[in-house]
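The values are calculated or read from the model by the stated rules, or taken from the named source; none is laboratory data. Predicted model, so just to flag it, every value in this text is computed and none were measured. Every residue, glycine among them, receives a Cβ derived from its backbone with ideal geometry; neighbour counts consider all protein chains shown. Just the protein is used for accessible areas: all its heavy atoms, side chains included, with ligands, DNA and RNA removed. Shrake-Rupley method; radii C 1.70, N 1.55, O 1.52, S 1.80 Å.
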Amino acid sequence: MTLEFLLAISTPIIIGFLIVQLLIPDLAGSHLKVGFIAKFFLAPGVGFTLASCILFLLILFFNPEHLKVGIFIIELLTIILLVVGLYFYRRGKNEGDSICKQKIFPSLNMTTIITTAVFIILALNFLADWQRESFQTPFGEWDAWAIWNLRAGFLASGGEWVKGFSPELFWSHLDYPLFLPLNVARLWVIQGERSVLSPILLGLIFLLSLVGLLAASIRVFRGNLQGLLAGILGFVVLFVSLNFKLYADIPIAYYFLAANALLLIVDVSSENEPRYLILAGFLVGASLWTKNEGWAFLISIIVSKLLLDLVSRKSSSQSARWWGYFLSGLTPLLMVTLYFKIAYAPPGDILSGLDLLSIKTKLVSVSRYLIIFRSARGQITNYGNLVIPTLPLLAIYGIIVGISFPKSQSRGIIFLTLRILLLGVIYFLVYLLTPNDLNWHLNTSIERLVTQIMPSFLLLYFLVISTINKKNGESAETFSLDWSRLRSKSR
């Protein structure tokens, strides 16, 4: 591994971290402190999105034979501008502003020490499994080499990149967005060779960032211990993802989680709302640029936001302000994705295969509903391949510790719940109306769709269940529900 390659991997993360530092100040809400750890795990998602867009613009408007030089010049200038901007931002801060300090390490008690040890053991075990699987199948599974890396090869080829969208490659899902292939192509261009190490390390970065972001997000809202527990359950998602190595499902699950966490902060804390909304919109746009499922996520946000504002009778000015900031972050990547879809991508197989008669027939087919429900039930209830599957394990733990969360987070929790439910409903409708063989479609994708949603579901789950070490610290401002209260009410 050369120094050049290490710089190629680290530069987007540095750019992403500088942007997050500018957008998310040290000040959060009066009771929320978004610290270094959460920002660090947000950095890869922001940085690699920008890196892919930079490469896309280079191959569109400049001489593709000079990609390597162009990449280094633009990324170096970006870092310089961000450092200068961050310097003047820090310098211009009012001296009276208090900076939120957040402990990097959890407080030392036996429960936290044991939980941290379990987290580390799981991380090491996962890395061992990941290394073994990477050596056994270095090119990944079907989608990795037949779609993402195949497209990356064309994008890295200079002036021949347009041939990657030739009709002869119709079987390679030419309508899929370019986030992943562009990032792989970028590493290949900088390396000067098509090394299998590039997609492998890129995949690892998003795998670890997913768990890190889940743990860090819960830590912001519910403390260190709850964050560690969320991280431990997050490893279940990573072990499952080894079944579909080097796919884009982990990156899009990461973007779903990151956007959901930032939107939750907006609902819980009114301070610095524009900054969080802009970044949340950008990350939703990144999900559009990653996989077609990003459109389902965007629809779930739009519908749930409109419903919530309608029920809560939020003023039109407040809603317009929310949408204005959100769209300012979303629009750049939305435009890039739409340009790709219009200029290069053919219609997707699902949309192109639909017709009004078949839609009517499928909507009234009871057997299709039953097949989808059974498949979804089996996948969800057995998810994780553990001795005790994930969902029953979460249910048992939730019954033991009970439900408890600050009432100030109620709106954010409701909004998050609606987004997850609507995303699931949209996925259900896609299966219901798919022109492909239904059983084949379910067998080849449903585990991946559950994996896309699972980190956001775990975010919701650990937001609402009680923390082990703070159950006695409840107040009138906390909603609580556990077996002891139910028994006392029944007497």
Report, by residue number, each residue of region 179-208 that is in contact with a Gly (Cβ under 7 Å, 6 or more places away or on another chain) and closer than 21 Å to residue 17 by Cα. none
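Yes or no, residue by residue, for (1) more than 21 Å from the chain's Cα centre (by Cα); (2) open to solvent by less than 20 Å² (accessible area, probe 1.4 Å); (3) not aliphatic (A, V, I, L, M):
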site: 288; (1), (2), (3): no, yes, no
site: 293; (1), (2), (3): no, no, yes
site: 330; (1), (2), (3): no, yes, no
site: 383; (1), (2), (3): no, yes, yes
Just one of the numbered conditions (1) surrounded by 24 or more Cβ atoms within 10 Å (Cβ to Cβ); (2) at pLDDT 95 or above; (3) farther than 18 Å from residue 207 by Cα is not true of residue 298; which one? (1)
When restricted to 220, 184, 189, the only residue out of contact with any strand residue (DSSP E or B) (no Cβ under 7 Å at 6 or more places or on another chain), of a type in the set (Val, Ile, Thr), closer than 17 Å to residue 154 by Cβ and open to solvent by 10 Å² or more (accessible area, probe 1.4 Å) is 189
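Here's the yes/no breakdown for (1) at positive phi; (2) within 26 Å of the chain's Cα centre (by Cα); (3) aromatic (Phe, Trp, Tyr):
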{"residue": "116", "(1), (2), (3)": "no, yes, no"}
{"residue": "150", "(1), (2), (3)": "no, yes, no"}
{"residue": "157", "(1), (2), (3)": "no, no, no"}
{"residue": "162", "(1), (2), (3)": "no, no, no"}
{"residue": "165", "(1), (2), (3)": "no, no, yes"}
{"residue": "170", "(1), (2), (3)": "no, no, yes"}
{"residue": "188", "(1), (2), (3)": "no, yes, yes"}
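Here is a yes/no grid of residues against (1) within 15 Å of residue 419 (Cβ to Cβ); (2) touching a Lys or Arg at 6+ places or on another chain (Cβ under 8 Å); (3) in contact (Cβ under 8 Å) with a residue 40 or more places away in the chain:
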| residue | (1), (2), (3) |
| --- | --- |
| 213 | no, no, yes |
| 218 | no, no, yes |
| 231 | no, no, yes |
| 239 | no, no, yes |
| 245 | no, no, yes |
| 293 | yes, no, yes |
| 312 | no, yes, yes |
| 320 | no, no, no |
| 324 | no, no, no |
Is there a residue in region 73-88 that is aromatic (Phe, Trp, Tyr) and modelled with pLDDT under 80? no
Residue 206, sole failed condition from (1) at pLDDT 95 or above; (2) more than 30 Å from residue 343 (Cα to Cα): (2)
Residue within region 401-419 that is outside any helix (DSSP H, G or I), touching a residue at least 60 places away in the same chain (Cβ under 8 Å) and at positive phi present: yes
Single match in 426, 453, 414, 388 (criterion: at pLDDT 90 or above, open to solvent by 40 Å² or more (accessible area, probe 1.4 Å) and out of contact with any Asp or Glu (no Cβ under 7 Å at 6 or more places or on another chain)): 414
Selection status of residue 350, in a helix (DSSP H, G or I), farther than 22 Å from residue 259 by Cβ and open to solvent by less than 70 Å² (accessible area, probe 1.4 Å): yes
Looking across region 26-37 at residues that are open to solvent by 10 Å² or more (accessible area, probe 1.4 Å) and of a type outside the set (Val, Ile, Thr), the single one that is modelled with the highest pLDDT is 36
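Each row is one residue, and each column tells you yes or no for (1) more than 30 Å from residue 140 (Cβ to Cβ); (2) open to solvent by 20 Å² or more (accessible area, probe 1.4 Å); (3) in contact (Cβ under 8 Å) with a residue 12 or more places away in the chain; (4) assigned to a helix (DSSP H, G or I).
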| residue | (1), (2), (3), (4) |
| --- | --- |
| 255 | no, no, yes, yes |
| 264 | yes, no, yes, yes |
| 281 | yes, no, yes, yes |
| 285 | no, no, yes, yes |
| 305 | yes, no, yes, yes |
| 327 | yes, yes, yes, yes |
Pairs returned, first residue in region 115-134 that is in contact (Cβ under 8 Å) with a residue 24 or more places away in the chain and more than 11 Å from residue 231 (Cβ to Cβ), second residue that is charged (D, E, K, R) and surrounded by 17 or more Cβ atoms within 10 Å (Cβ to Cβ), beta-carbon separation under 7 angstrom, 6 or more apart or interchain, are 133/245
Residue 246: closer than 26 Å to residue 179 by Cβ, under 16 Å from the mean Cα position of the chain (by Cα) and not in a helix (DSSP H, G or I), yes or no? yes
Just one listed residue, out of 208, 182, is assigned to a helix (DSSP H, G or I) and closer than 30 Å to residue 116 by Cα, and it is 208
Go through region 353-362 and give me each residue that's more than 31 Å from the chain's Cα centre (by Cα) and in a loop (DSSP other than H, G, I, E, B). 355
Suppose we keep only residues that are of a type in the set (A, V, I, L, M, F, W, C) and open to solvent by 20 Å² or more (accessible area, probe 1.4 Å) within region 192-206. Which one would you say is nearest to residue 162 (Cα to Cα)? 196
Within region 211-241, tally of residues that are closer than 26 Å to residue 141 by Cα and either of a type in the set (Val, Ile, Thr) or not in a helix (DSSP H, G or I) (or both): 5
Inside region 143-179, can you point out the residues that are open to solvent by less than 30 Å² (accessible area, probe 1.4 Å), part of a helix (DSSP H, G or I) and either among the β-branched types (Val, Ile, Thr) or touching a residue at least 40 places away in the same chain (Cβ under 8 Å) (or both)? 143, 144, 147, 148, 149, 152, 153, 155, 158, 161, 165, 179
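Matching residues to (1) in contact with a Ser or Thr (Cβ under 8 Å, 6 or more places away or on another chain); (2) modelled with pLDDT of 85 or more:
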{"residue": "7", "(1), (2)": "no, yes"}
{"residue": "14", "(1), (2)": "no, yes"}
{"residue": "22", "(1), (2)": "no, yes"}
{"residue": "45", "(1), (2)": "yes, yes"}
{"residue": "57", "(1), (2)": "no, yes"}
{"residue": "63", "(1), (2)": "no, no"}
{"residue": "67", "(1), (2)": "no, yes"}
With the requirement that a residue be of a type in the set (D, E, K, R) and under 20 Å from residue 413 (Cα atoms), what does region 222-258 give you? 222
